[in-house]
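Scroll down for the structure; my scribbles are underneath it.
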Amino acid sequence: MSTINFDQLTKAEQRVAVAKDVLLQLKKKNYIAKKGAYVEVKKGRRSLPVKDNIDKTVCKVCALGSCLLSIAKFKNTITFNDAERGLSSWDSTDPSKRLLTSIFTRKQINLMENAFEGVVYFMHEPFTGTDKKADRFYDQYDKDNQRLIAIMENIIKNLGTFKP
């Protein structure tokens, strides 16, 4: 459980806290970076709340899935089932989408998606195509783990904004 009061942080500070937590979870091997995964529970009970069980669960995640789980760790009690279902039910009522968009803008989400996956297909909202800088960012890293670490370090370096 976190000792910071996440809700009292600015949105930019929240994004930095999430990026730092993603890096921590990768280091602890609770997250395994995997292109196309969103959230796939590899080890752990899917019915448990993310907030209280992140350290007892191993998940394959993409950039957005890792952010979602780390946001949930700080501010919500969605279950791992909810997180896994988020991709398929991605509509305005979905708790996963509400959590992710509570601190990240659609533009930031699309840029992270593009930089991690090499394409933008996640938001299922007006498609704006890929971003050339995000495409180049993607091309710099052969391994999913390296790419996810680089995205999170970029968010931290840029005080809460991903700038490919």
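The values are calculated or read from the model by the stated rules, or taken from the named source; none is laboratory data. Predicted model, so just to flag it, every value in this text is computed and none were measured. When we count neighbours, we look across all protein chains shown, and the Cβ atoms used for this are built from the backbone with ideal geometry, even at glycine.
In the set VAL39, VAL18, VAL50, VAL58, which member is touching a strand residue (DSSP E or B) at 6+ places or on another chain (Cβ under 6 Å) and either buried (at least 20 other Cβ atoms within 10 Å of the Cβ) or of a type in the set (Asp, Glu) (or both)?
Values: VAL18 fails: touching a strand residue (DSSP E or B) at 6+ places or on another chain (Cβ under 6 Å); VAL50 fails: touching a strand residue (DSSP E or B) at 6+ places or on another chain (Cβ under 6 Å); VAL58 fails: either buried (at least 20 other Cβ atoms within 10 Å of the Cβ) or of a type in the set (Asp, Glu) (or both).
Going through VAL39, VAL18, VAL50, VAL58 in turn, just one is touching a strand residue (DSSP E or B) at 6+ places or on another chain (Cβ under 6 Å) and either buried (at least 20 other Cβ atoms within 10 Å of the Cβ) or of a type in the set (Asp, Glu) (or both): VAL39.
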(request) Assess whether SER66 counts as being among the polar types (S, T, N, Q) and in contact (Cβ under 8 Å) with a residue 60 or more places away in the chain. (result) yes
(request) Go through the stretch 107-129 and give me each residue that's of a type in the set (S, T, N, Q) and either crowded, with 19+ Cβ neighbours inside 10 Å or modelled with pLDDT of 80 or more (or both). (result) GLN108, ASN110, ASN114
(request) Spot the failing condition for LYS97; the list is (1) within 19 Å of GLN108 (Cα to Cα); (2) at pLDDT below 80; (3) crowded, with 18+ Cβ neighbours inside 10 Å; (4) not aromatic (Phe, Trp, Tyr), and only one is missed. (result) (2)
(message) Cβ contacts < 9 Å: first residue at positive phi and modelled with pLDDT under 90, restricted to the stretch 72-93; second residue hydrophobic (A, V, I, L, M, F, W, C) and in a helix (DSSP H, G or I), any location; separation 6+ or different chain. Result?
(response) none
